[in-house]
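The values are calculated or read from the model by the stated rules, or taken from the named source; none is laboratory data. Source: prediction; values computed, not measured. No Cβ is skipped: glycine too gets one built from the backbone with ideal geometry, and neighbour counts run over all protein chains shown.
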Amino acid sequence: MKPALPRGLYVITDRPLCADAGLAESVRAALRGGAAIVQYRDKTADERRRLQEASELSLACREANALFVVNDDPELARHCRAGGVHLGAKDPDISQARRIVGETTLIGVSCYDSLPRARDAVGSGCDYVAFGSAFPSPTKPGAVRAPLILFEEAVATLPVPVVAIGGITPANAEALIRAGCRAVAVISGVFGQADPEMAARSYARLFEPALEAHGLE
């Protein structure tokens, strides 16, 4: 049975930001802080290391009852038993990814600032969509901007969960949560901080009212 996309903090790994503590321990810290979704993002060509890391993180997420997602790579997602794969504009299309990962794995799609792209993705069978950059992003300063009204319209009109990404802080995340976003995705907001566990907790606690309202606590 396909799981639902969890409500809450969605962290995306970044190797340089995790260098001091190590990737696995940085992710475990985020999970202890309440991260509900972890995306493994690694663009390097070292397939052996990527499989080893993804498998370790996949297990850590299962132990923490969190969703593990692999960025870009459906084959890696299948091999490490990920719960999801996330696709961008240059990645395999949804139908191809679905053939690889199977029917019970979530497929998310980056839709940037385009509601038509999101509608097409939903029509092709994706399970959630992500828009951004919601705010100016230190990770991708040149990224297109997705205004708050886009998130509101997407939540109101699309039959799948909406994720926000880009420049999100504990101070500005509440507007996105009020707009109905199922999750907020961050990179440096957690892994670029001295204490990733505490940083994750500062985001995760913002979802407590929504979790209580949906009977999830």
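Annotations for the structure displayed:
- Yes/no for Asp113 being among the acidic types (Asp, Glu), farther than 24 Å from Gly8 by Cα and either in contact with a helix residue (DSSP H, G or I) (Cβ under 9 Å, 6 or more places away or on another chain) or at pLDDT below 95 (or both): no
- Residues within region 126-147 that are modelled with pLDDT of 95 or more and surrounded by fewer than 14 Cβ atoms within 10 Å (Cβ to Cβ), tallied: 1
- Condition check for Ala89: in a loop (DSSP other than H, G, I, E, B), of a type outside the set (Lys, Arg), under 19 Å from Ile187 (Cβ atoms) and within 17 Å of the chain's Cα centre (by Cα): yes
- A count restricted to region 16-69 and to residues that are loosely packed, with under 15 Cβ neighbours inside 10 Å and within 13 Å of the chain's Cα centre (by Cα) stands at 0.
- Conditions (1) surrounded by fewer than 19 Cβ atoms within 10 Å (Cβ to Cβ); (2) of a type outside the set (Gly, Ala, Ser); (3) assigned to a loop (DSSP other than H, G, I, E, B); (4) modelled with pLDDT of 95 or more: number failed by Cys181: (1)
- Residue in region 78-85 that is surrounded by fewer than 17 Cβ atoms within 10 Å (Cβ to Cβ), part of a loop (DSSP other than H, G, I, E, B) and either free of Cβ contacts under 8 Å to residues at least 60 places away in the same chain or of a type outside the set (Ser, Thr, Tyr) (or both) present: yes
- Members of region 149-198 found to be charged (D, E, K, R), farther than 11 Å from Val129 by Cβ and touching a residue at least 24 places away in the same chain (Cβ under 8 Å), listed by number: Glu152, Glu153, Glu174, Asp195, Glu197
- Residue in region 197-214 that is modelled with pLDDT under 95 and assigned to a loop (DSSP other than H, G, I, E, B) present: yes
- Yes/no for Leu106 being within 18 Å of Ile37 (Cα to Cα) and without any contact (Cβ under 8 Å) to a residue 12 or more places away in the chain: no
- Single condition Ser137 does not satisfy, out of (1) more than 26 Å from Arg28 (Cα to Cα); (2) assigned to a loop (DSSP other than H, G, I, E, B); (3) in contact with a Gly (Cβ under 6 Å, 6 or more places away or on another chain): (1)
- Selection within region 88-99 - crowded, with 17+ Cβ neighbours inside 10 Å and in contact (Cβ under 8 Å) with a residue 24 or more places away in the chain: Ile94, Arg98
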